[in-house]
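The values are calculated or read from the model by the stated rules, or taken from the named source; none is laboratory data. This one's a predicted model, so the numbers in the text were calculated from it and none came from an experiment. Using ideal geometry, Cβ is built from the backbone for each residue, glycine included, and neighbour counts are taken over all protein chains shown. Just so you know, the surface numbers come from the protein's heavy atoms only, side chains and all, with ligands and any DNA or RNA stripped out. Shrake-Rupley method; radii C 1.70, N 1.55, O 1.52, S 1.80 Å.
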Amino acid sequence: LLGALPDATHVSPEPSAVSGAAHGMSSMAMRAASISRASTPGVRACARGPNTKSFATRRLGSFHPRSRRGCASSAPASAEGASVTTSLTPKYAGKRVVLTRETGKNGDMRQRLEKHGVEVVEMPLIETAVGVDRSRLAAALVHENGWDWICITSPEAAAVFLEAWEVAGKPDVPIATVGKGTARILKSEYESGALTAATFTPSTANAETLVAELPVSGDVKKKTRVLYPASAKATSTLQDGLEARNAEVTRLNTYSTEKVTSVSHDAMSLARHADVVTFGSPSAVKAWLALSGLGDAGDARGAKKHPLYACIGGTSAKACNKLGLPGASFPQQPGVDGWEQTVLEALDSLSCER
């Protein structure tokens, strides 16, 4: 919300110790075929022209790339159960990227990639389910003791919050969002004046930085009260970290992301022959492994069957590494801007097979 909502009162975060771009090997050097990398994460900077922001991209584990097809332009395939579009921009014509977030959550990335001429396949691998505490959220928002912060850590959590917030009578509550993508879901309510209380967004979009930078009371006799409407799959990083800083955290598991159990044969055929597959959550990684049938990518022979993998952040990349998909790329600064650049850089790294 910082810099985006002029009618709100903003709390400026402290500088993050982990923000900023780190520099390392070039894209082509890191993508060179038959070179095995150490399991220690690598870091590299990716800049895409004089008017483009520089994003640091990290990678966990080693990988062995392969190109799905040559650089020549080709018409996109179509399949039942997958939504495919393309634009004939020369540089990325014939390159295919798979988006796997739940239905309705892939539009922004799709538009970004289509502008570059990428053939985009939408194949949702996760779906949202109602959490066990969803019915308690509306009453919690108007608790008689109030809240110093409502911590919202994903766009889905923001959407769930808005539903309960309307039921509760739209109380004006202070909200901390993990990043710009999450804050964007609430933007119209600030612009309309329905929400005017303090807002906070950390310098880096992850739970660790939110924990470190969120303003909390230093008075041991008066703890900062935090309401955390979360995914049931979310780790305890946020509540544990804030409690260690003298906050009183109430967590409500208001939703859950579940992996899909089936996709159409034609859709998966397109996806298996993609250049890059993207993941926005560990659940999507698990669904891909269960449904793709590609097996372990931990050795050169097995990896030749795999596309490259680009994750929205480190949590999904760690899931890739743990589950046998080493070498997944992710932006140092989590979010769609860095994710887009990570995908494009993966496409740039692919060799042309003539």
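Observations on the model:
- Per residue, the accessible area of segment 151-201 comes to 36 Å² when a 1.4 Å probe rolls over the protein heavy atoms.
- Packing-based ranking of 104-113, 174-183 yields 174-183, 104-113, ordered from highest to lowest mean Cβ neighbour count within 10 Å.
- Cβ charges +1 (Lys, Arg) and -1 (Asp, Glu), total dipole of segment 145-204, debye: 200
- Packing-based ranking, highest mean first, of 192-203, 136-147, 270-281 given that Cβ atoms within 10 Å are counted: 270-281, 192-203, 136-147
- Segment 162-251: C-alpha gyration tensor shape, a/c 1.5 cut-off, then a/b vs b/c: prolate
- Sulfur and carbon atoms: percent of accessible area, segment 98-227 [1.4 Å]: 50
- Computed Rg/Rh of segment 192-241, alpha carbon atoms with Kirkwood Rh: 1.00
- Residue 266-residue 163 pseudo-label distance in nm [points 7 Å out on the Cα-to-Cβ vector]: 3.2
- Cα lying deepest toward the dipole's positive end in segment 190-261, options 254, 220, 239, charges on Cβ: 220
- Packing, taken as the mean count of other beta carbons within 10 Å per residue, orders the peptides 312-319, 164-171 from highest to lowest as 312-319, 164-171.
- Added length on full extension, which subtracts the Cα-Cα distance from 0.36 nm per residue, residue 220 to residue 91: 40.6 nm
- Base-10 log of normalised Debye intensity for segment 211-331 (one unit scatterer per alpha-carbon) at q = 0.10, 0.14, 0.16, 0.23 Å⁻¹: -0.44, -0.70, -0.82, -1.27
- Between residue 103 and residue 348, the distance separating the two model label sites (each 7 Å from Cα on the Cα→Cβ line) works out to 3.6 nm.
- For segment 183-321, the Cβ-based charge dipole about the Cα centre amounts to some 180 debye (Lys, Arg positive; Asp, Glu negative; other atoms uncharged).
- Working from Cα pairs under 8 Å separated by at least six residues, relative contact order for segment 164-259 is 23 percent.
- Shape category assigned to segment 315-354 from the gyration tensor of Cα positions, a/c cut at 1.5: oblate
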